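Worksheet: the structure to be examined is printed underneath.
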Amino acid sequence: MNFGFTEEQELLRAEVRKFLDQNAPLERVREIVEAEDGPGNDPALWARMAELGWVGLNMPEAHGGVGLDLETLLVVLEETGRSLFPSPLISTVLAAKAIERFGSEEQQARWIPGLADGSKVGTFAFMERSDTLGPEGVETLAKPDGDELILSGEKLFVSDAAAADLTVVAVRSGSDAPSLSLVVVEKDTAGASAADFEAMDLTKRIGKLTLEDARVGTDCVLGEQGAAWPSIQWLLDLGAALVTAEAVGAAEAALEITTEFAKGRIQFDEQIGKFQGVKHPLADIYVDVESFRSLVYYAIWALDQDADDARLAVSRAKAYCADAFPQSAIMGVQLHGGVGYTWEYDIQLYLKRAKWVRPMFGDADHHYERVALLGDL
Amino acid sequence: MDFQLSEEEEAFRQEVASFLDEHLPEGQGRTPEFQAKWTEAIREKRWVGFSWPEDVGGGGGGIMEQVILKDEMAKRKAPALGSCFMGLAWVGPSIIQYGTEEQKQKYIPDILDGKYQWCTGYSEPDSGSDLASLKCKCEREGDEYVVNGQKIWTSIAMWSKMMILLVRTETEVKSKHDGITCLLVEMDTPGIEVRPIKNMSGGAMFAEVFFDDVRVPVENRLGDEGQGWQVTISALASERSSIAEVHGLIRKIEEVKDLARNTIRGGRAMSDDPGIRRRIAQAETKVEAMRLNGMRFLTKQLKGEPLGSETSINKLHRADLEIGLGELALEILGSSSTLMGGEEAEKGGAWAKFSLNWPEVVIGGGTPNIQRNIIAERILGLPKD
Ligand SMILES: Cc1cc2nc3c(=O)[nH]c(=O)nc-3n(C[C@H](O)[C@H](O)[C@H](O)COP(=O)(O)OP(=O)(O)OC[C@H]3O[C@@H](n4cnc5c(N)ncnc54)[C@H](O)[C@@H]3O)c2cc1C
């Protein structure tokens, strides 16, 4: 029994942390996301991370990846979360995973190498105007036309929409609710256009993908047409787990920042961290972060193992996190007093991250309801 | 990460499972005759005091085996391993670590056999959370200590033959943690008076204990004079990450779910109420977090790292759940939740009673505020208040 990381994984953690501390401290993160021409990523840093094997960490070796498990990727995500590192890592991993798990050998060879070496950004597009995670929410239509599909519809709240070179899109193939397909849409496809929205969390890019009679070959369909709902559900689960894994690092950093502040700030001749009105909320945040940490570690392990309780485990982790992280970040700002409200202090960046995390791949209501259903209620 | 048991661990799990198949009947079969046979069988297996050294009669079991044993037992709702609760939980470990050879021989076998009960005389009227401020007076006269003072909240004092007692042997001390001494006291010593205290659910489980010139032989001192704080604290700290207690909470949640399914109000089952569904799911998720936290602490212990103050995390969760599940059940029940007994009360008022019992866990083992102080000061490094 070992509910912890291997020595190699701990070494990787130290390496990633050092890399991010050196190359992407929060001052640099602010530069990247506050750039004149809108929030962006840092292509040079992204390329170096790909070179170090962190982008393709979980992608198959046969197609240029490193072939390690999600558990090892989790270590990297905790660190990118701590640093609020702006990158399309989760999006790209989701796209690659969709192609690896549901695509043919040919499709894998066609797309995964570019994702693994960092030259191509990928993402996964599910959500639409209905803003629901059920299959009935997908209205984007895939009309067959010979060996092509004509796609029309609008995918919303797509992570890294504008940056993506290829998007794995959930589309409708028939009128019954679960009759969905997964289709890869490349950036230069005629009729497909993407744009970013104005996001609250500048370190996360959210946008839309508009499909206006966009034509893709049937060789872009991952798996069987019209039968992709189980695959899509799995991807949504994976997305929830990866977002939560990153949230662990971010929430931990927010707690550390606030704890350090509480040690340094003097009022009434005392460090404010001496007052129980300050120290007890911090203790409660610690309890929450450690708890959703345990839950997401297990969820990632369960996904790696394709365990029967993987879905339940993911929902527990995301539900707990979606409640606790925003609450803890609000408390973090509050415990800073006036400076917590300033653009200059970093705690606000974590509050915005928490607000991004909350609805991504399902909020607490969604996931607790699933916990209830899976628990025979 | 790896949640598989090793080959030896799996073999041990199977040994436990087949022992239980053979010795443990379902609910109906658990008669007094069964209890006697059970007690003998687990003693023979050396599963009482399983983690204690073999030379004092313990099982010499490792941390992981202990977890497996408790886990299997809890899953099958087996009776406790041994009946001398406080003796097994902390009196025994203190004696093993600090006791003389004579003390070990005199007390340890009886604790393992459950011959009689021990009680714990730590808290005083003016010393609860701030236990080290205790004042119960103790002066040495020749080969005897003379004790004068009062203890309170002493669980099962009226049914105990022995008490582990903390007294103050020195008042002029630099730190309040010095000058405390630990004594092992026979409860029928002249000068001891026990007055049971009735609690809010109507029972009387704990008592006030008064000491009036109570003479205790010096050989009944555990550890050195003035060492009492270390003697007792180290045993309390040896507490293992108790994953097994999670099973009790899981069972409680199953009961709450059944209650929600079977309680029809306003024409619908309470299990269809979105608010109730969410709260049950939340409770279940919290228990799972406790189980997994426990596994992470256990991993640290197995790697030989000290288990710091992390157990406070699960104590806070548990406090929340003990209170929360009772309240949830009462809300599901609605008006009948106000009844403590009689035909109109669900299960004779069992939920109402349950909802009044949380102080045993929430206050008895260090209050939530004290757990928060521990986390804030020892883990987060914030200044002491
Ligand atoms: C069912 C039960 C069984 C028990 N059995 C035993 C037993 O067998 N033997 C024994 O010795 N004792 C026993 N106790 C006593 C128990 O250990 C004490 O009740 C407990 O330590 C709290 O002390 P107190 O009751 O004096 O409360 P206090 O310490 O007076 O606390 C009152 C309130 O003040 C808060 N508080 C105190 N200090 C602080 C602080 N520094 N910061 C913030 N808040 C604070 C507490 O959290 C609490 O809410 C038992 C108690 C119960 C309820």
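Just so it is clear, none of the values below were taken in a lab; they were calculated from the coordinates. In this text the structure is predicted, and so the values were computed from the model without any measurement. Every residue, glycine as well, gets a Cβ built from its backbone with ideal geometry; the counts of neighbours run over all protein chains shown.
Descriptive notes on the structure:
- The Cα center of region B:360-374 and the Cα center of region B:174-242 differ in position by 19 Å.
- Spatially, region A:201-226 and region B:246-323 are offset by 40 Å when compared through their Cα centroids.
- Mean residue ellipticity (222 nm) of chain A, computed from DSSP H runs ≥ 4 via -39,500 (n - 2.57), nearest 500: -16500 deg cm²/dmol
- The alpha carbon radius of gyration of region B:46-156, expressed as a multiple of 2.2 N^0.38 Å, is 1.28.
- For region B:7-82, average projected area of the Cα convex hull in nm²: 4.9
- Region B:326-382: GluC sites (Glu not before Pro) in DSSP loop, at most 15 other beta carbons within 10 Å: B:343, B:344
- Normalised by the number of residues in region A:94-192, the average gap of Cα pairs under 8 Å and 6 or more apart makes the relative contact order 25 percent.
- Of the Cα atoms belonging to chain A, the radius of gyration and Dmax stand at 20.8, 78 Å.
- Cα-based Rg of region A:315-360 normalised by 2.2 N^0.38 Å, two decimals: 1.19
- Calculated P(r) tail over 47 Å for the protein assembly as shown, as whole % of Cα pairs: 31
- Residue mean of other protein chain beta carbons inside 10 Å, B:251-259: 1
- Calculated translational diffusion coefficient of region A:122-227 (25 °C, 0.890 mPa s; Stokes-Einstein with Kirkwood radius over alpha-carbon pairs) equals 181 µm²/s.
- Restricting attention to chain A, lysine pairs at least eight places apart or on different chains and with alpha-carbon atoms under 16 angstrom apart total 10.
- Distance from region A:100-121 to region B:107-160 (C-alpha centre basis), Å: 70
- With at most 10 other Cβ atoms within 10 Å, longest stretch of chain A clear of loop chymotrypsin sites (Phe, Trp or Tyr not before Pro) (DSSP): A:1-267
- Under the criterion of Cα pairs below 8 Å and six or more residues apart, the relative contact order for chain B equals 11 percent.
- When each of B:151/B:252; B:70/B:151; B:37/B:106 is checked by Cα-Cα distance, pairs over 31 Å: B:151/B:252; B:70/B:151
- Principal semi-axes of the equivalent ellipsoid, √(5λ) from the alpha carbon gyration tensor of region B:245-379, are 33, 16, 12 Å from largest down.
- For chain B, adding -39500 (n - 2.57) for each run of n ≥ 4 DSSP H residues and dividing by the number of residues yields -13000 deg cm²/dmol at 222 nm.
- A convex hull fitted around the alpha carbon atoms of chain B yields 176 Å³ per residue.
- Exposure rule at most 12 other beta-carbon atoms within 10 Å, DSSP loop trypsin sites (Lys or Arg not before Pro): chain B longest free segment: B:1-173
- Measuring nothing but how far apart in sequence close Cα pairs (under 8 Å, 6+ apart) lie, relative to its length, chain A scores a relative contact order of 15 percent.
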